[in-house]
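Written below as structure tokens is the structure these notes are about.
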Amino acid sequence: MSKQKSVAAPRHPGKRSEKGDPARGSANQTSSTFSPAAMREIVESIVIAFVLAFLFRTFEAEAFVIPTGSMAPTLMGRHKDLECEACGYSYRVSASAEVDKESSRPTGVQITSATCPVCRYTMNVGRNNPRGENYRSYKGDRILVGKFPYQFTDPERWDVAVFKYPGEARTNYIKRVVGLPGETLRIRHGNIFTERDGQPETIARKPLDKIRAMLQPVHDNDFVLPQVAEGHWPARWTPRAAGPSRPGDWVASEDLKSFRVAGSADQEVWLSYKHRVPGYADWEKWLAGQWSSQDDIKPQLITDFNAYNTSDPSSGGGWPGSFWPSSMAEGAEAGNLRPGQPPPGETLGLNWVGDLALECEVEVEEATGTVTFELIEGGKRLGCVIDLATGKGSFRIDGEEQSTFSTPMSAAGEYKVLLANIDDQLTLDIDGETAVFAYEPQGNLRPTADDLEPVRIASHGAKLSVRHLKIGRDIYYIALRAGDGHEPRVTEYDASNNPFRSLSREEVARVLSSPEEWGAFARGNEVEFKLGPDQFFMLGDNSAASQDSRWWESLNAEYYVSRELLIGKALVIYWPHSLDQIPGTPIPIRFFPNFWRMGLVR
């Protein structure tokens, strides 16, 4: 991680007027030199400014630039800021390969492709893209790091910290603190487990602010594809009724972005999400005018797919004209879309993620009946039921009540809801009021066919609407360790338990849609690290692309960070890349501040 170097600018004295200073003499008096007293004042001011800047940098705070994507999407290294040509969703993709991370000099490599996390359309972002767009690459986020906090207090789990790399103290790294002194830490099924002083092992749970900050996007229903809205491709959110719709079922809006239920049914009526993601081959068919059946896009398991890692670096910097047959090129041109290079199978997410979160806005029309929010993990139904007449809620697992709580959802009105099943803990937040229920770890979970329908909402006599439906996933920490002979890779499954016979795009899609292939997901790897006094374990949020504590042993470094190597706590993104125009307008303006990404680092 490179530092942004800056010094305080000296204060420059203003010029004395040639007409003189009336308080000091006549208008004809001039002075071309400074008096000794004035010179002394200037020198003292400069020295004091430098001393204050030095003290501030040494003891209080310092600015850094993020060079790589190991913490993406929490913090961005060099990247491209994109808006999907197909669905309009904004996302970012790594461009770190374009510059040498040590010298910051251009490598001659250009990023030519990127894949949207919502609709999986692969954009052509190379120099010779058909639209003639200049998809610029931007430097990494500029952050302010506070040194004061770690001088008097210990780092807390989930802090984002800057430290000296154990193998080379001249290099600065930034990661998240996940292991604390004296712990035995284990990575298993994407989660962090700890043990201390012979006490039983516990899972490391995240508080709500960290959950929100670390969620990775899975789907945003505000960005429904035209192909879906027009009925050519399957919708992801659908009423769960089998066969023809019944009176009282959920009804979708014309654009499929919101859903309403009249509350007239005498039983629960369900709205459910299926992870139907079109692949590159599906886009090929569509652009060639060969699409025939909705059933070709099958529901899949949700995995640790991260759009940031889908950039395709090419030394040519262009798009091969022979990539598309002429018939497909004509079909693509008609739709004003022509994709980039197909993404490799290993960038599609190879580790099943069961820790999910649902966010939505609920409009209650009448305070009657109940509403249920439910998440599925390993076939288990985990969620909550809210009585709209009283606001009383209850957490439930497989229909059995676990605990009760109060919510503000007890009258007609609009409510912002988040339900998360993360780290074996249910967290419900409604308009800032939060309820939490921690349950016992479920062991070696294996996904079932129910995990193809992992998010559900039900009404029982409740008249309401839901909109702005978003699904996120927790970070999946890949359980590998260089000291065990592993090389860095994007999945923890080796040849002995790998569910994928190959990593082609077609094979990855086939396995993720086939429950009979999922036995390996229950046999995920486990790695263990022991920490001594004053030793911390660091992991990147972008686990598939992070050189962190798991891998340092292969570079002849310790896998932990000693206390004396800590620099400070990341406090705020004070300058993400600037914008080229005022948002929402065509007005160009250089260096317009990107206020939307400024803020505290969580």
Do we find a residue being among the acidic types (Asp, Glu) and at pLDDT 95 or above anywhere in the stretch 171-187? yes
Which pairs have Cβ atoms under 7 Å, sit 6 or more apart or on different chains, and link a residue in the stretch 298-321 that is in a loop (DSSP other than H, G, I, E, B) and at pLDDT below 95 to one that is open to solvent by 50 Å² or more (accessible area, probe 1.4 Å) and of a type outside the set (Asp, Glu)? 312/341; 317/127; 318/127; 318/128; 319/128
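Residues are listed down the side, and each one gets a yes or a no for (1) under 26 Å from the mean Cα position of the chain (by Cα); (2) modelled with pLDDT under 95; (3) under 20 Å from residue 184 (Cα atoms):
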position	(1), (2), (3)
468	yes, no, no
475	yes, no, no
481	yes, yes, yes
489	yes, yes, no
513	yes, no, no
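Do we have residue 420 as more than 24 Å from the chain's Cα centre (by Cα) and aliphatic (A, V, I, L, M) here?
No, not satisfied.
Restricting attention to the stretch 143-151, does a residue exist that is part of a loop (DSSP other than H, G, I, E, B) and either open to solvent by 10 Å² or more (accessible area, probe 1.4 Å) or within 27 Å of residue 207 (Cα to Cα) (or both)? Spell out how you get there, then give the answer.
Here is the first cut: in the stretch 143-151, the residues part of a loop (DSSP other than H, G, I, E, B) are 147-148.
If we keep only those that are either open to solvent by 10 Å² or more (accessible area, probe 1.4 Å) or within 27 Å of residue 207 (Cα to Cα) (or both) as well, we get 147-148.
The answer is yes, given that some residue of the stretch 143-151 is part of a loop (DSSP other than H, G, I, E, B) and either open to solvent by 10 Å² or more (accessible area, probe 1.4 Å) or within 27 Å of residue 207 (Cα to Cα) (or both).
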Number of the exception - residue 516 against (1) open to solvent by 70 Å² or more (accessible area, probe 1.4 Å); (2) in contact (Cβ under 8 Å) with a residue 24 or more places away in the chain; (3) among the charged types (D, E, K, R): (2)
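Take the conditions polar (S, T, N, Q) and in contact (Cβ under 8 Å) with a residue 60 or more places away in the chain and apply them to residue 199. Does it pass?
Details: polar (S, T, N, Q): yes; in contact (Cβ under 8 Å) with a residue 60 or more places away in the chain: no.
Here the answer is no, as residue 199 does not meet what is asked.
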If a residue has to be in contact with a strand residue (DSSP E or B) (Cβ under 7 Å, 6 or more places away or on another chain), hydroxyl-bearing (Ser, Thr, Tyr) and open to solvent by 30 Å² or more (accessible area, probe 1.4 Å) to count, how many in the stretch 555-602 make the cut? 3
Where residue 423 falls short, out of the listed (1) charged (D, E, K, R); (2) closer than 18 Å to residue 385 by Cβ; (3) open to solvent by less than 10 Å² (accessible area, probe 1.4 Å): (2)
Please go through the stretch 530-554 and give me each residue that is under 24 Å from residue 190 (Cα atoms) and open to solvent by 30 Å² or more (accessible area, probe 1.4 Å), ordered by number. 530, 535, 544, 545, 547, 553, 554
Per the filter on the stretch 171-185, residues surrounded by fewer than 19 Cβ atoms within 10 Å (Cβ to Cβ) and over 26 Å from residue 142 (Cα atoms) are 180, 181, 182, 184
Just to be sure I understand, how many residues within the stretch 520-556 are at pLDDT 90 or above, more than 26 Å from the chain's Cα centre (by Cα) and small (Gly, Ala, Ser)? 1
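Is one or more of the residues making up the stretch 419-427 outside any loop (DSSP other than H, G, I, E, B), acidic (Asp, Glu) and out of contact with any helix residue (DSSP H, G or I) (no Cβ under 7 Å at 6 or more places or on another chain)?
Within the stretch 419-427, the subset outside any loop (DSSP other than H, G, I, E, B) is 419-421, 425-427.
Of the ones still in play, those that are also acidic (Asp, Glu) are none.
No: the stretch 419-427 contains no residue that is outside any loop (DSSP other than H, G, I, E, B), acidic (Asp, Glu) and out of contact with any helix residue (DSSP H, G or I) (no Cβ under 7 Å at 6 or more places or on another chain).
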Could you go through the stretch 489-497 and let me know if any residue there is closer than 22 Å to residue 542 by Cα, open to solvent by less than 30 Å² (accessible area, probe 1.4 Å) and not β-branched (Val, Ile, Thr). yes
Which of (1) surrounded by fewer than 16 Cβ atoms within 10 Å (Cβ to Cβ); (2) touching an Asp or Glu at 6+ places or on another chain (Cβ under 6 Å) does residue 458 not meet, given it meets every other one? (1)
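Going by what's in this entry, would residue 564 be described as outside any loop (DSSP other than H, G, I, E, B), more than 24 Å from residue 490 (Cα to Cα) and more than 20 Å from the chain's Cα centre (by Cα)? Reasoning before the result, please.
Numbers: outside any loop (DSSP other than H, G, I, E, B): yes; more than 24 Å from residue 490 (Cα to Cα): yes; more than 20 Å from the chain's Cα centre (by Cα): yes.
Taking the combined requirement at face value, the residue satisfies it.
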Say we look at the stretch 256-295 and pick out the residues that are open to solvent by less than 10 Å² (accessible area, probe 1.4 Å) and in a helix (DSSP H, G or I); which of these is modelled with the highest pLDDT? 283
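Which of the residues belonging to the stretch 105-130 are hydroxyl-bearing (Ser, Thr, Tyr) and either part of a loop (DSSP other than H, G, I, E, B) or open to solvent by 60 Å² or more (accessible area, probe 1.4 Å) (or both)? So that I can check it myself, show each step before the final result.
We begin by selecting, within the stretch 105-130, every residue hydroxyl-bearing (Ser, Thr, Tyr); these are 107, 112-113, 115, 121-122.
Hits for the stretch 105-130 are 107, 112, 121.
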Subset of the stretch 88-99 (residues that are part of a helix (DSSP H, G or I) and over 15 Å from residue 306 (Cβ atoms)): 97, 98
Subset of the stretch 189-244, residues of a type in the set (S, T, N, Q), open to solvent by less than 40 Å² (accessible area, probe 1.4 Å) and at pLDDT below 95, comes to 227
Which residue out of 156, 168, 133, 102 is open to solvent by 60 Å² or more (accessible area, probe 1.4 Å), under 30 Å from residue 257 (Cα atoms) and not in a strand (DSSP E or B)? 133
Selection within the stretch 473-484 - open to solvent by 10 Å² or more (accessible area, probe 1.4 Å) and touching a His at 6+ places or on another chain (Cβ under 9 Å): 476
Give the stretch 513-553 a look and list any residue that's in contact with a strand residue (DSSP E or B) (Cβ under 6 Å, 6 or more places away or on another chain) and in a helix (DSSP H, G or I), or say none. 521, 543
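The values are calculated or read from the model by the stated rules, or taken from the named source; none is laboratory data. This one's a predicted model, so the numbers in the text were calculated from it and none came from an experiment. Virtual Cβ from ideal backbone geometry, glycine too; neighbours counted across all protein chains shown. Remember, those area values only see protein heavy atoms, side chains included, never the ligands or the DNA or RNA. Shrake-Rupley method; radii C 1.70, N 1.55, O 1.52, S 1.80 Å.
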